[in-house]
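Below is one structure, written out as structure tokens; the observations come after it.
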């Protein structure tokens, strides 16, 4: 989906492991001197959405750069 949205735009994908999502994003921002972070927020199952904290809120609360959140509305 991201490839489709960003068609014609130069971008790179990176993967970090062994960290929480929030920590990994902050490490990435600092290591790449990023000006913005973009991600796709997938629709979760009902129980998954009520039993976990929303990722967008936890990341945006401590964000040092703007965050572009794209919602995956398929299915």
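The values are calculated or read from the model by the stated rules, or taken from the named source; none is laboratory data. Predicted model, so just to flag it, every value in this text is computed and none were measured. Please note: Cβ atoms are built from the backbone with ideal geometry, for glycine as well, and neighbour counts cover all protein chains shown.
For the range 22-40, the tally of residues that are part of a strand (DSSP E or B) and surrounded by fewer than 15 Cβ atoms within 10 Å (Cβ to Cβ) stands at 2. Summed over the range 1-27, residues that are out of contact with any strand residue (DSSP E or B) (no Cβ under 8 Å at 6 or more places or on another chain), within 22 Å of residue 61 (Cβ to Cβ) and touching a residue at least 12 places away in the same chain (Cβ under 8 Å) total 4. The set of residues from the range 31-75 being at pLDDT 80 or above and over 15 Å from the mean Cα position of the chain (by Cα) comprises 31, 32, 33. Residues that are at pLDDT below 80 and part of a helix (DSSP H, G or I) were ranked within the range 1-21; the one that is surrounded by the fewest Cβ atoms within 10 Å (Cβ to Cβ) is 5.
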